[in-house]
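K.L.:
Have a look at the structure that comes next, please.
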């Protein structure tokens, strides 16, 4: 049963130097045309299931004008939402009060802010322009309006970043008393401004030291490190993202959006012209049982609790031990097995290499 919906809004008023997502500069008319196409994609593909999570990402969805936001929320009325639906919306910290009130009035109950850093040097690197006062004032405004579930993105491993700069960023994030913090090591991706300018990735040893520092400080301050890149207070894990990590099906609507329905993983086109002409799909992967099992392992082992063995057997009618040689990984401490199979914290930094070898 499909219970989650991702919607991609590709428009931004400012393009960050590190971003390799599908995005374009905001244009009121183009955004309106895009929303018309989004409506048609949803109407033609959504089958009426009760939805328990909706996530509006981008791009910068909060850069839509008031009129286009109202148009978007009118489209979202199509969905049969569960009364406890987690409704997430990505925002820039410059979002105006009028827009926040509009979000609240339209049942958005989880906000995600791209805070990234408060270092002036590092903000310049990523072409962002905010400061502690702007962020503090905006979070307070969100609280006053009634939002009680807020995520902040924290970026680290900038070239030449110091541990003092990182600790300043972490301490500032802690001062905001956010319910959720997502962390991202800055990776220089092809076709980004940073890549074209010849920027370099952070030293790997320093990256690891920073990862451990983030982990230790956030856990010390009451956050649960529930997924390799995500921390939350108790009962504030991202329900939408847990859909991905638990290998459950979800709709993906909009330019470049990915979805997983009826044993098919798909990714939509990045071409604006194709999309508004109703040519949505770009890549389609039809999965057999063993493809699904591999996804189950790769995604599930990203979680602190890993993969529940009884649930795995119930889902696939086979034991993990009958498919994978796990004893060597258990003896080396790469995996731990009880009711669940999971990777211990002290091996999370090398998780990708463990997963690659394990699945092979």
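Conditions tested, residue by residue: (1) touching a residue at least 40 places away in the same chain (Cβ under 8 Å); (2) farther than 23 Å from residue 295 by Cα.
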position: 194; (1), (2): yes, yes
position: 213; (1), (2): yes, yes
position: 243; (1), (2): yes, no
position: 248; (1), (2): yes, no
position: 273; (1), (2): no, yes
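Per-residue answers, yes or no, for (1) at pLDDT below 95; (2) over 18 Å from the mean Cα position of the chain (by Cα):
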site: 1; (1), (2): yes, yes
site: 6; (1), (2): no, no
site: 12; (1), (2): yes, no
site: 21; (1), (2): yes, no
site: 28; (1), (2): no, yes
site: 32; (1), (2): no, yes
site: 58; (1), (2): yes, no
site: 64; (1), (2): no, yes
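K.L.:
Sort out which residues of the range 130-153 are free of Cβ contacts under 8 Å to residues at least 24 places away in the same chain and outside any helix (DSSP H, G or I), and write them in order of number.
P.N.:
Of the range 130-153, the ones free of Cβ contacts under 8 Å to residues at least 24 places away in the same chain are 131, 133, 137, 140, 143-144.
Of everything in the range 130-153, just one residue is free of Cβ contacts under 8 Å to residues at least 24 places away in the same chain and outside any helix (DSSP H, G or I), namely 131.
K.L.:
Okay, next question. Under the condition of being in contact (Cβ under 8 Å) with a residue 24 or more places away in the chain and crowded, with 16+ Cβ neighbours inside 10 Å, which residue from the range 338-348 is nearest to residue 208 (Cα to Cα)? Walk me through it before giving the result.
P.N.:
Filtering the range 338-348 down to residues in contact (Cβ under 8 Å) with a residue 24 or more places away in the chain leaves 339-343, 345, 348.
Next, from what is left, pick out any that are crowded, with 16+ Cβ neighbours inside 10 Å: 340-343, 348.
Working: 340: 26, 341: 24, 342: 20, 343: 17, 348: 10 Å.
My answer is 348.
K.L.:
Something else: Please find, among 168, 149, the residue that is farther than 28 Å from residue 86 by Cα and modelled with pLDDT of 95 or more.
P.N.:
Details: 149 fails: farther than 28 Å from residue 86 by Cα.
Selected residue: 168, the only one of 168, 149 that is farther than 28 Å from residue 86 by Cα and modelled with pLDDT of 95 or more.
K.L.:
Shifting gears a bit: Being surrounded by fewer than 17 Cβ atoms within 10 Å (Cβ to Cβ) and at pLDDT 95 or above narrows it down to one of 309, 301, 323, 332, so name that one. Please lay out each step first, then the result.
P.N.:
On the way: 301 fails: surrounded by fewer than 17 Cβ atoms within 10 Å (Cβ to Cβ); 323 fails: at pLDDT 95 or above; 332 fails: at pLDDT 95 or above.
It is 309.
K.L.:
Of all residues in the range 172-206, how many are surrounded by 18 or more Cβ atoms within 10 Å (Cβ to Cβ), modelled with pLDDT under 95 and over 20 Å from the mean Cα position of the chain (by Cα)?
P.N.:
Qualifying residue count for the region: 2.
K.L.:
For residue 276, are the conditions met, namely being within 21 Å of residue 2 (Cβ to Cβ), modelled with pLDDT of 95 or more and surrounded by 13 or more Cβ atoms within 10 Å (Cβ to Cβ)? Break it down stepwise before answering.
P.N.:
Values: within 21 Å of residue 2 (Cβ to Cβ): no; modelled with pLDDT of 95 or more: yes; surrounded by 13 or more Cβ atoms within 10 Å (Cβ to Cβ): yes.
No; evaluated as a whole, the condition is false for this residue.
K.L.:
Any idea how many residues of the range 293-328 are part of a helix (DSSP H, G or I) and either under 19 Å from the mean Cα position of the chain (by Cα) or within 20 Å of residue 227 (Cα to Cα) (or both)? Spell out how you get there, then give the answer.
P.N.:
Our first condition is that a residue be part of a helix (DSSP H, G or I); within the range 293-328, this holds for 293-300, 309-316, 320-323, 327-328.
Add one more test, that the residue is either under 19 Å from the mean Cα position of the chain (by Cα) or within 20 Å of residue 227 (Cα to Cα) (or both), and what stays is 293-300, 309, 311-312.
Count: 11.
K.L.:
State all residues of the range 342-360 that are more than 17 Å from residue 227 (Cα to Cα) and assigned to a helix (DSSP H, G or I); if no residue qualifies, say none. Quick ask: steps written out before the conclusion?
P.N.:
Filtering the range 342-360 down to residues more than 17 Å from residue 227 (Cα to Cα) leaves 356-360.
Selection gives 356, 357, 358, 359.
K.L.:
Just to confirm my filter: which strands (runs of 3 or more DSSP E) fall fully inside the range 1-108 and include at least 1 residues that are more than 27 Å from residue 242 (Cβ to Cβ)?
P.N.:
Values: elements: 4-9, 50-58, 80-91.
So the answer is none; nothing clears 1.
K.L.:
Taking residue 206 as the residue in question, decide whether it is in contact with a strand residue (DSSP E or B) (Cβ under 6 Å, 6 or more places away or on another chain) and under 18 Å from residue 156 (Cα atoms). Show your work before the answer.
P.N.:
Working: in contact with a strand residue (DSSP E or B) (Cβ under 6 Å, 6 or more places away or on another chain): no; under 18 Å from residue 156 (Cα atoms): yes.
No.
K.L.:
Here is a follow-up. From the list 238, 148, exactly one residue is under 21 Å from the mean Cα position of the chain (by Cα) and surrounded by fewer than 18 Cβ atoms within 10 Å (Cβ to Cβ). Which is it?
P.N.:
On the way: 238 fails: surrounded by fewer than 18 Cβ atoms within 10 Å (Cβ to Cβ).
Answer to the selection: 148.
K.L.:
A further question on this structure: Restricting attention to the range 77-99, does a residue exist that is surrounded by 19 or more Cβ atoms within 10 Å (Cβ to Cβ), more than 21 Å from residue 59 (Cβ to Cβ), over 20 Å from the mean Cα position of the chain (by Cα) and touching a residue at least 40 places away in the same chain (Cβ under 8 Å)?
P.N.:
Scanning the range 77-99, I find no residue that is surrounded by 19 or more Cβ atoms within 10 Å (Cβ to Cβ), more than 21 Å from residue 59 (Cβ to Cβ), over 20 Å from the mean Cα position of the chain (by Cα) and touching a residue at least 40 places away in the same chain (Cβ under 8 Å), so the answer is no.
The values are calculated or read from the model by the stated rules, or taken from the named source; none is laboratory data. Keep in mind that this is a model prediction, so the values were computed, not measured. Neighbour counts are summed over all protein chains in view; Cβ atoms, including those assigned to glycine, are modelled from backbone coordinates with ideal geometry.
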